């Protein structure tokens, strides 16, 4: 692990409180304006800290993301080499039309190593998770992946917000989302999630193999 990141606190942008780099959060929302505010501030804070920032878009196109951020007053670098990328979520999570948890975990590890190789002080990501509702093979393993993300971020500390639209995911799915994210965003504040289960407990209860 890179020691310079061990104790670093991440500025979130939408709240004055800081959190350790590698914090894994969920934003469960039913208000688009609130989502746009939180995520824009989160991305802006990463760019202001000269972190490597990645956005995985599904309800928007990558071009829409850049337009939206510009309208929110976020100065986004034009070139991906300058620290910001917006990509299609399906291309990231399911590059061959299938979702394979370990492959996406490797993608997160690779992103972390990129931040080190390119001399960024850290990295942060946010993804629109509605791609998982499109009937993609393997999408039923999404919560297995989300649980394992918590292990990966202890050794590859990327700060992450996963976005779940409560109007599209059903109640059972939302409860599972809560069980695999140690922190949740509520009305613009980050709070410890009382429903969170340790990865090993969640995977055992749901009969996922590690």
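Against the conditions (1) at pLDDT 95 or above; (2) over 24 Å from residue 196 (Cβ atoms); (3) in contact with a strand residue (DSSP E or B) (Cβ under 6 Å, 6 or more places away or on another chain), where does residue 91 fall short? Just the number, please.
Only one criterion in (1) at pLDDT 95 or above; (2) over 24 Å from residue 196 (Cβ atoms); (3) in contact with a strand residue (DSSP E or B) (Cβ under 6 Å, 6 or more places away or on another chain) is unmet by residue 91, namely (3).
Any residue in the range 58-65 that is under 14 Å from the mean Cα position of the chain (by Cα) and in a helix (DSSP H, G or I)?
No: zero hits.
Could we say that residue 43 is at pLDDT 95 or above, in contact with a strand residue (DSSP E or B) (Cβ under 8 Å, 6 or more places away or on another chain), under 30 Å from residue 194 (Cβ atoms) and not in a helix (DSSP H, G or I) here?
no
Got a sec? Which of 91, 30, 106, 96 is touching a residue at least 60 places away in the same chain (Cβ under 8 Å), out of contact with any helix residue (DSSP H, G or I) (no Cβ under 8 Å at 6 or more places or on another chain) and surrounded by fewer than 20 Cβ atoms within 10 Å (Cβ to Cβ)?
Result: 30 is the single residue among 91, 30, 106, 96 that is touching a residue at least 60 places away in the same chain (Cβ under 8 Å), out of contact with any helix residue (DSSP H, G or I) (no Cβ under 8 Å at 6 or more places or on another chain) and surrounded by fewer than 20 Cβ atoms within 10 Å (Cβ to Cβ).
Can residue 84 be described as closer than 26 Å to residue 187 by Cβ and crowded, with 17+ Cβ neighbours inside 10 Å?
For residue 84, the condition - closer than 26 Å to residue 187 by Cβ and crowded, with 17+ Cβ neighbours inside 10 Å - is not met.
Hey, among 63, 57, 45, 70, which residue is farther than 21 Å from residue 166 by Cβ and either crowded, with 16+ Cβ neighbours inside 10 Å or touching a helix residue (DSSP H, G or I) at 6+ places or on another chain (Cβ under 8 Å) (or both)?
45
Across the range 110-150, what is the number of residues that are exposed (fewer than 15 other Cβ atoms within 10 Å of the Cβ), part of a helix (DSSP H, G or I) and touching a residue at least 40 places away in the same chain (Cβ under 8 Å)?
Matching residues across the range 110-150 total 2.
Taking the condition more than 20 Å from residue 60 (Cβ to Cβ) and crowded, with 19+ Cβ neighbours inside 10 Å, does residue 155 pass?
Considered against the rule, which asks whether it is more than 20 Å from residue 60 (Cβ to Cβ) and crowded, with 19+ Cβ neighbours inside 10 Å, residue 155 comes out as no.
The values are calculated or read from the model by the stated rules, or taken from the named source; none is laboratory data. Here the structure is a predicted model, which means the values were calculated and not measured. Glycine gets a Cβ as well: all are built from the backbone with ideal geometry, and neighbour counts include every protein chain shown.
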